[in-house]
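Novice: Shown below is the structure under consideration.
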Amino acid sequence: ILSLFADKKIVVHKKKNLKEVFAKESFLHQFIREVFSFKPIKDAYLAVKSYPKSMIYTLWFEALFNIMAYIGFLFIPLVAVKNNLSLSEIALVFGLMRVPYVINFFTNGWASRFDKKLFIIIVMLFLSFLFASFGFNESFGGIMVISLGISLGLSMIRPVISALISEQVHENDAGTITGVQQFVAMLACIVGSIGFWLFSGVFG
């Protein structure tokens, strides 16, 4: 609404007709050409291909992190509902899950003392154990502790993965690799949620 009021005060020096809007070098034409172009995808592929395999491994870490994070937000409420937790208790669980992300700058300094890749692998193995342990806990306290542990582990490896990517990126590719990182993250969320649906359909 505020934007509409602001738009009225913008001075239009020359009105364009419909033909000019769809002209070859108009903004609209350039916009459509960029949106439906395969060039950005090709550029991203070539940029990633130019890096050593360690970059691919790091992007796999990015994917695994987002799968775990997304499944956590799908899985934990389902566990809570199945164990008859109240809405206020579920809200407390969610609130507790965000606390580690507020203080992860403390854990980031501690994590940077170790080998980053080894640290990520160890934390992910520990997270796998925590996810599995959900099946053996029915109490509100147990769900709270496990949820906090999962969030703590995820918040600890989030900055480490970003640091690994930043360390390897060339200055000229910073924007492209950031786009690739976001693409991998969102694709992992989609794959993770669909995979979780299939997995839960088979195993309950």
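The numbers here are math on the coordinates, done by the rules we state, and not lab data. Note that the coordinates shown come from a computational prediction; the quantities given were computed from them, not determined experimentally. With ideal geometry, Cβ positions are generated from the backbone for all residues, glycine too; neighbour counts draw on all protein chains shown.
Novice: Using 0.36 nm per residue, how much length does the chain from residue 118 to residue 183 gain when fully extended, once their Cα-Cα distance is taken away?
Specialist: Working it through step by step, the gained length comes to 21.0 nm.
Novice: Contour minus end-to-end for residue 162 and residue 137, with contour as 0.36 nm per residue of separation and end-to-end as the Cα-Cα distance?
Specialist: 5.7 nm
Novice: How far, in nm, would the chain grow between residue 46 and residue 32 when pulled straight, counting 0.36 nm per residue and subtracting the alpha carbon separation?
Specialist: So the chain would gain 2.7 nm between residue 46 and residue 32.
Novice: For all pairs of alpha-carbon atoms in region 57-204, what percent lies in each bin of width 5 Å, listed from the first bin to the last filled one?
Specialist: With 5 Å bins starting at 0, P(r) equals 2, 9, 17, 20, 20, 15, 9, 5, 2, 1, 0.
Novice: Then there is this: Can you tell me the order of 67-77, 84-94 when each peptide is scored by its average per-residue count of other Cβ atoms within 10 angstrom, highest first?
Specialist: Packing order, densest peptide first, comes out as 67-77, 84-94.
Novice: Near residue 185, within a Cβ-to-Cβ distance under 15 Å, what is the net charge of the other residues, with Lys and Arg +1 and Asp and Glu -1?
Specialist: Computed value for this residue: 0.
Novice: So what are the ³J(HN,Hα) numbers for region 156-165, from phi and the Karplus equation (6.51, -1.76, 1.60; θ = phi - 60°), rounded to whole Hz, Gly and Pro as x?
Specialist: 6, 8, 4, x, 5, 5, 4, 5, 4, 5
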